[in-house]
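Novice: Take a look at the following structure, please.
The values are calculated or read from the model by the stated rules, or taken from the named source; none is laboratory data. As the structure is a computational prediction, the values presented were derived from the model and not from experiment. When we count neighbours, we look across all protein chains shown, and the Cβ atoms used for this are built from the backbone with ideal geometry, even at glycine. Only protein heavy atoms, including side chains, enter the accessible area calculation; ligands, DNA and RNA are left aside. Shrake-Rupley method; radii C 1.70, N 1.55, O 1.52, S 1.80 Å.
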Amino acid sequence: MGWLSDALRIVCGMDEDLRAWRDSISAAEHHLRWGIESRQQRDFERALEILAKCPKSDSASPHCRYRRERASAEAHLWLGRLAMDRLAEQLAKVDDYFEAVEEGRRSLRLQLESTRERVRSLEADGSLISAREERRRLEDLERETGHMPDLSAEKRERRAAVLARISPTFENHRSRAEEHLAALRAISALAPEDLAARDEIAKKQESGLAALDS
């Protein structure tokens with residue numbers, strides 16, 4: 001059995017390199033679990049930093065390589081999800097800003113129509129002094145509403161800027177997750193229980209990639 005064979009080699013003092021591998025991978029897996037629980041980007045990044053110190057090597061057992069590729073793919077998948085969350089959050093902020101601007105414009109237009117109606121009513125009643133005062137206010141509103149530029153181009157530019165800033169991060173993690181998933185699938189000489197677990201995890205990670213793509 002993969003994990004039992006590794007454990008026996010370590011207990012018997014046969015492989016210090018293997019012990020270092022297992023300790024590093026265990027530490028990375030802890031950070032991965034913390035990241036999943038807390039949704040903290042730094043935990044996933046720390047997991048990858050630790051795993052990077054365990055480069056692919058023929059000296060590592062298939063079980064260790066299996067754990068490394070599995071954890072690496074999972075960390076990149078989560079970082080891709082977090083990038084998508086940031087993207088959605090930033091785009092929503094852009095949309096909210098322009099909706100607030102448009103709401104303010106709608107309010108001004110309503111004030112404009114209301115003031116026009118008031119001027120007409122005062123003039124009809126013969127209240128010329130009051131009508132003159134309201135007309136000055138009407139003219140101010142007309143000037144203000146007459147100089148409201150079309151913001152659709154600016155909105156598109158701001159959304160494009162958000163996409164340009166965050167998309168490369170997403171694409172990188174999505175690509176790296178796919179690379180580690182392929183490496184995970186390519187590991188041979190695994191114990192039967194590791195093979196079964198690998199295939200199940202690979203299916204879940206493929207589903208995660210498909211979710212990111214969608």
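Novice: Only one of 129, 201, 187 is aliphatic (A, V, I, L, M) and either closer than 30 Å to residue 97 by Cα or without any contact (Cβ under 8 Å) to a residue 60 or more places away in the chain (or both). Can you tell me which?
Specialist: On inspection, the qualifying residue turns out to be 129.
Novice: Can you tell me which of (1) more than 30 Å from residue 158 (Cα to Cα); (2) open to solvent by less than 80 Å² (accessible area, probe 1.4 Å); (3) modelled with pLDDT under 95; (4) basic (Lys, Arg) is the one residue 53 doesn't meet?
Specialist: (2)
Novice: Let me ask something else. Within segment 163-173, can one find any residue that is modelled with pLDDT of 90 or more and closer than 18 Å to residue 68 by Cβ?
Specialist: yes
Novice: Still on this structure: Quick one: in segment 161-201, of everything that is under 22 Å from the mean Cα position of the chain (by Cα) and small (Gly, Ala, Ser), which residue is most open to solvent (accessible area, probe 1.4 Å)?
Specialist: So, considering only residues that are under 22 Å from the mean Cα position of the chain (by Cα) and small (Gly, Ala, Ser), the one most open to solvent (accessible area, probe 1.4 Å) is 164.
Novice: Let me ask you something else. Only residues that are outside any helix (DSSP H, G or I) and without any contact (Cβ under 8 Å) to a residue 24 or more places away in the chain: list them for segment 132-158, please.
Specialist: 146, 147, 149, 150
Novice: Being under 27 Å from residue 87 (Cα atoms) and out of contact with any strand residue (DSSP E or B) (no Cβ under 9 Å at 6 or more places or on another chain) narrows it down to one of 141, 151, so name that one.
Specialist: Step by step, each of 141, 151 is checked, and only 151 is under 27 Å from residue 87 (Cα atoms) and out of contact with any strand residue (DSSP E or B) (no Cβ under 9 Å at 6 or more places or on another chain).
Novice: Looking at segment 197-214 only, could you name the residues that are out of contact with any Leu (no Cβ under 9 Å at 6 or more places or on another chain) and of a type in the set (Lys, Arg)?
Specialist: Within segment 197-214, 203, 204 meet the criteria.
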